[in-house]
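Asker: One structure, pasted below without further comment.
The values are calculated or read from the model by the stated rules, or taken from the named source; none is laboratory data. Bear in mind the structure is a predicted one, so any value in this text is a computation, not a measurement. Cβ placement follows ideal geometry from the backbone for every residue including glycine, while neighbour counts extend to all protein chains displayed.
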Amino acid sequence: MRDVSDKDIDALYGIFKKDAESGGYYLNPDTGFAKELVRGLIANEERYGYQSCPCRLASGIKEEDLDIICPCDYRDEDIGEYGACYCALYVSGEIAEGKKSAGSIPERRPAAEQRKKMKTEKETGRIENGGKLSLPLPVWRCKVCGYLCARTEPPEICPVCKVKKDRFERFL
């Protein structure tokens, strides 16, 4: 494993920050902490070939770890419920502005056996509930631009038109 330079960390941090801001997200305001997480992402990319969450144990098999490649599948739900994602690289606006502080985030990722079962069910196309459509998450619609997203809560900021959360309505 090569020693990661500050230049490499700063470059990737800049990309993450720009992407976060353009999508209505915030990086942890503790820049030193956030850059250490970026260091972990770089290390995991060199180790596995992909940027898996530095706070989770990756298998080394990309197909098994797609849900924990940063930004992970659990980011939005964690931010909505706890104000930060599991590793706290991404945080809510309140935490970014210093109005709140990030706390402990419980692991939302299912155990390996459960993930394997879920994958098998998805691949076989088995439909539960007597063939009726079952949505695991509500769908939110931005009333300004029509952006749709399926998650427990609407995003803090629409990634398309940048309006705030209060401009979303439950669509499904």
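Asker: Of all the residues that make up the range 1-24, how many are aliphatic (A, V, I, L, M), within 25 Å of E77 (Cβ to Cβ) and touching a residue at least 24 places away in the same chain (Cβ under 8 Å)?
Answerer: 2
Asker: Considering only residues of the range 116-139 that are basic (K, R) and over 23 Å from the mean Cα position of the chain (by Cα), which is modelled with the lowest pLDDT?
Answerer: Filtering the range 116-139 for residues that are basic (K, R) and over 23 Å from the mean Cα position of the chain (by Cα), the one modelled with the lowest pLDDT comes out as K132.
Asker: From the residues in the range 140-168 that are surrounded by fewer than 16 Cβ atoms within 10 Å (Cβ to Cβ) and closer than 20 Å to V91 by Cβ, which one is nearest to the chain's Cα centre (by Cα)?
Answerer: Result: R151.
Asker: Shifting gears a bit: Tell me, which helices (runs of 4 or more DSSP H) lie completely within the range 16-85 with 1 or more residues that are among the charged types (D, E, K, R), closer than 19 Å to E107 by Cβ and at pLDDT below 95? Write out each step before concluding.
Answerer: Details: elements: 31-48, 62-65, 75-82.
Per the criteria, 62-65, 75-82.
Asker: Tally the residues that are surrounded by 16 or more Cβ atoms within 10 Å (Cβ to Cβ), over 15 Å from the mean Cα position of the chain (by Cα) and modelled with pLDDT of 95 or more, restricting the search to the range 86-115.
Answerer: So the answer is 2.
Asker: Then there is this: Go through (1) of a type outside the set (K, R); (2) in contact (Cβ under 8 Å) with a residue 40 or more places away in the chain; (3) touching a Gly at 6+ places or on another chain (Cβ under 8 Å) for L27 and report which single condition fails.
Answerer: Result: L27 fails condition (3) only.
Asker: Are any residues in the range 40-67 out of contact with any Ser or Thr (no Cβ under 7 Å at 6 or more places or on another chain) and either buried (at least 18 other Cβ atoms within 10 Å of the Cβ) or within 23 Å of G80 (Cβ to Cβ) (or both), and if so, which ones? Show your work before the answer.
Answerer: Of all residues in the range 40-67, those out of contact with any Ser or Thr (no Cβ under 7 Å at 6 or more places or on another chain) come to 40-43, 45-57, 59-64, 66-67.
Passing the criteria: G40, L41, I42, Q51, S52, C53, P54, C55, R56, L66, D67.
Asker: So, one more: When both residues are 6+ apart or on different chains and their Cβ atoms are under 8 Å apart, which pairs have a first residue that lies in the range 150-172 and is within 13 Å of G24 (Cβ to Cβ) and not assigned by TED's automatic domain parsing to the domain that holds E97, and a second that is assigned to a strand (DSSP E or B) and of a type in the set (V, I, T)?
Answerer: V163/I157; K164/I157; K165/I157
Asker: From the list R47, R56, R39, exactly one residue is touching a helix residue (DSSP H, G or I) at 6+ places or on another chain (Cβ under 7 Å), over 23 Å from L137 (Cβ atoms) and not hydrophobic (A, V, I, L, M, F, W, C). Which is it?
Answerer: It is R39.
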